[in-house]
1. So in the stretch A:124-135, with the set limited to residues that are open to solvent by 20 Å² or more (accessible area, probe 1.4 Å) and assigned to a loop (DSSP other than H, G, I, E, B), which one is farthest from the other protein chains (Cβ to nearest Cβ)?
2. Looking at (1) among the small types (Gly, Ala, Ser); (2) open to solvent by 10 Å² or more (accessible area, probe 1.4 Å); (3) in contact with a Cys (Cβ under 9 Å, 6 or more places away or on another chain), which is the one condition that is false for B:Ala76?
3. Which one of these does A:Thr374 not meet: (1) open to solvent by 50 Å² or more (accessible area, probe 1.4 Å); (2) touching a helix residue (DSSP H, G or I) at 6+ places or on another chain (Cβ under 6 Å); (3) outside any helix (DSSP H, G or I)?
4. Within the group B:Asn164, B:Asn109, B:Asn176, B:Asn153, which residue is open to solvent by 10 Å² or more (accessible area, probe 1.4 Å) and within 13 Å of chain A (Cβ to nearest Cβ)?
5. Going through A:Ala316, A:Ala265, A:Ala270, A:Ala320 one at a time, which residue ends up being farther than 22 Å from A:Arg204 by Cα and not in a helix (DSSP H, G or I)?
6. Residues in the stretch A:136-168 that are within 26 Å of B:Arg126 (Cβ to Cβ) and either within 14 Å of chain B (Cβ to nearest Cβ) or assigned to a loop (DSSP other than H, G, I, E, B) (or both): how many?
7. Out of the stretch A:137-172, which residues are open to solvent by 60 Å² or more (accessible area, probe 1.4 Å) and among the hydrophobic types (A, V, I, L, M, F, W, C)?
8. For the stretch A:276-299, enumerate the residues that are within 22 Å of the chain's Cα centre (by Cα) and more than 7 Å from every other protein chain (Cβ to nearest Cβ).
Amino acid sequence: MDSGSVFASLVQAPEDPILGVTVAYNKDPSPNKLNLGVGAYRTEEGKPLVLDVVRRAEQLLVNDQSRVKEYLPIVGLADFNKLSAKLIFGADSPAIQANRVATVQCLSGTGSLRVGAEFLARHYHQLTIYIPQPTWGNHPKVFTLAGLSVKTYRYYDPATRGLNFQGLLEDLGAATSGAIVLLHACAHNPTGVDPTLEQWEQIRQLMRSKGLLPFFDSAYQVVALVVWWITGGQIENMLGFASGSLDADAQPVRMFVADGGECLAAQSYAKNMGLYGERVGALSIVCKTADVASKVESQLKLVIRPMYSNPPIHGASIVATILKDSKMYDEWTVELKAMADRIISMRKQLFDALSARGTPGDWSHIIKQIGMFTFTGLNGEQVAFMTKEYHIYMTSDGRISMAGLSSKTVPHLADAIHAAVTRMG
Amino acid sequence: MRRFFTSTARRRCSTKNIAWWDHVLPAPKDPIFCVTEAFHADSSPNKINLGVGAYRDDEGRPVVLQCVREAEARIAGSRFLESNSAAVSSKMVEESVKLVFGQDSDVVNEGRFAGVQALSGTGACRLFAEFQRRFHPESRIYLPDPTWSNHHNIWRDAQVPAKNYHYYHPDSKGLNFSALIDDIKNAPDGSFFLLHPCAHNPTGVDPTEDQWKEISYQCKVKNHFPFFDMAYQGFASGDLEKDAQAIRIFLEDGHLIGCAQSFAKNMGLYEHRVGCLSILCNDSKQGAAVRSQLQQIASAMYGSPPVHGVLLVSTILSNPDMKSLWIEEVKMMLYRIQKMRTTLQESLENLDSPLNWENITKQVGLFFFSGLTPNQVEQLAREFHIYMTRDGRISMSGVTTGNVNYLANAIHEVTRSSKEETKILCNIGA
């Protein structure tokens, strides 16, 4: 009897647009090739970076013979959850002190978003989520597969290469009452364009008046802040003023919590601790009362158990070890500053290189945008040209990862941009 | 630098005072994990945890395998933490599937399968369930009665309806083989059947080799899709190859199976969430297509699995010395379990328990499906501080030389009266 596969009619799935860039890059034999696709930090030598403090934490864990490999609870490592909540909401957050926050360990930002979305699809009354235009490529899929229907709100203005604040207010103002709204807490991916604090306040008031539920995606906490902290008053920054406090990146989130309302927040430690592969993240739901938070936590467990039973311990243990030790915490911020310094330096070098070449156009957004990426404003054709002629790989929306650049490769990129802009308009 | 705005003063504005979650009810507790919770809450020095299926040594302590410690030392700090380490992933997948399909398997050599790492057994099952729903949206899954409780949750959350097929015979405490075969025959052609290839959870009752051959044959006649959940390879016989026998039979018969593998128990990697999902295909091209679809599903759920566990498994399985050590350590774990089975049975027999306890040593794997009623289970917890799941499933790894006699006495106590009921019923029948 013919036992053909029951899945014979299946077709090959399209490559993930972001990870597919790396696949294409790997296939390219050119010695000058440059990978500016995925947002993973690289050193000046183009190598992935393991933070020293992470290495030390890992060694401590390995050397601790008393540690055993038992299942974590469904909600994950308790220490990690508490410390993560403090990191984003503030150590003195009244919501935390009142036990109004349910925090569960999840698999990085993606996992936190998915678990949060599945919870909302089951228990929330309005199954529409508004996401910014543009946003991280994986957002629509995560929410759709969780059972939410996805709509967009205007965010980026290509003309100014800044925030389309009017459009944002209009679209959120017209949103169905009670709908969920995805907000990038800082260092918007892919544009690097963030609202100012004053703008955040207006967004908050509008959302609360319409009963819109905030769902924060915080993938870049601390990284963006440090970048911005270093630049101080030298570079006009989107948040409006300089700061010495590492709590700044979380400020938009804390504004929403401070008004006593409810919200969700997904955290990732992929970028800020370089723990991409270990899948470390947390989902927090801020509730009106401690009783509600407890019930919410119990329902989150029902989402997680049939998905993967309980989360992986390794990355969360590393994070907890670092966050709870003040010396290691300080060392972490110092290493982050070094990473941020390098990103800022790359931004400046690229900007200077384009100015030196007299490349037409206003390129100041390269040094204004926040975080790891620059949304160059190059169009699909220009991007394809740069890949074909200069072996430079980026996502087709023109987003480049500054962390993938080095002093050696900046001139090559500047040449490519110059050629693309002058030859293809 | 100016101080940052850190005021947490309550802001007044026209917010709708909506409490979003007031209608959320407390969720029922997970039937397996709540046993451990109850155990932890108990302060009795005699307490015994026979709930979750995690291996313990003879002092009741969790164990880190030596091969795992060596692998950890090898990889700590020397690798780069990169989620797209494709070479490591595919190595791990290849070594994993060889465990179930055979070291010299044609399927593996010719790449006629789709394999992805998954978040342990749960994650592998869930990935498959989502995949099944996407490409066979009208299908359902046939689950053995009984099965691991989370199987029902997994397929339900993937929105694939489930149906039970006969498996365990409560009277004989063995396999209800004829009813099982009937269910296979009566299911619509091309149905999806979930099978435990060895050490059935919770019953410990496995088909014989001949019975597996018959099951495979009947599935072939009906063109069913066999999905194996391999959570306990090594824990049935101590021999990894022997424990994969059912899968090999199906492969020989030409089935294109699916298989979920877990390294939680047999490598002791519980909290690292390491497993593998594989689906056999007609050729490597189709394998690539299926794999790409599985990765899409995973990427919208959690991105990629954590690299630490993947590295551990890959290191151990690729290194002949470490793999040999692992195989020995699996044998040692099973040896202790089997010893506890023998001891418990002997203790109960020595107490002159009139009930038949031969199933303790007949059943295989980590569990003894005791046949104790929910009332008896509750009595054991209340009076003797002994904890197990309500279905009477006892995790033998919680039994030690130190507590086996206490356990035997307790079981004897709670089953005395059931013996009297049986006697009365027999008299009535006579």
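The values are calculated or read from the model by the stated rules, or taken from the named source; none is laboratory data. These figures come from a predicted structure and were not determined experimentally. Neighbour counts run over all protein chains shown; Cβ positions are idealised from the backbone, glycine included. Accessible surface areas use protein heavy atoms only, side chains included; no ligands, DNA or RNA. Shrake-Rupley method; radii C 1.70, N 1.55, O 1.52, S 1.80 Å.
1. Among those residues, the one meeting the criterion is A:Pro134.
2. Unmet for B:Ala76, out of (1) among the small types (Gly, Ala, Ser); (2) open to solvent by 10 Å² or more (accessible area, probe 1.4 Å); (3) in contact with a Cys (Cβ under 9 Å, 6 or more places away or on another chain): (3).
3. Unmet for A:Thr374, out of (1) open to solvent by 50 Å² or more (accessible area, probe 1.4 Å); (2) touching a helix residue (DSSP H, G or I) at 6+ places or on another chain (Cβ under 6 Å); (3) outside any helix (DSSP H, G or I): (1).
4. Checking each option against the conditions leaves just B:Asn153.
5. A:Ala270
6. Adding up the residues that qualify gives 14.
7. A:Leu145, A:Ala159
8. A:Val280, A:Gly281, A:Ala282, A:Leu283, A:Ser284, A:Ile285, A:Val286, listed by residue number.
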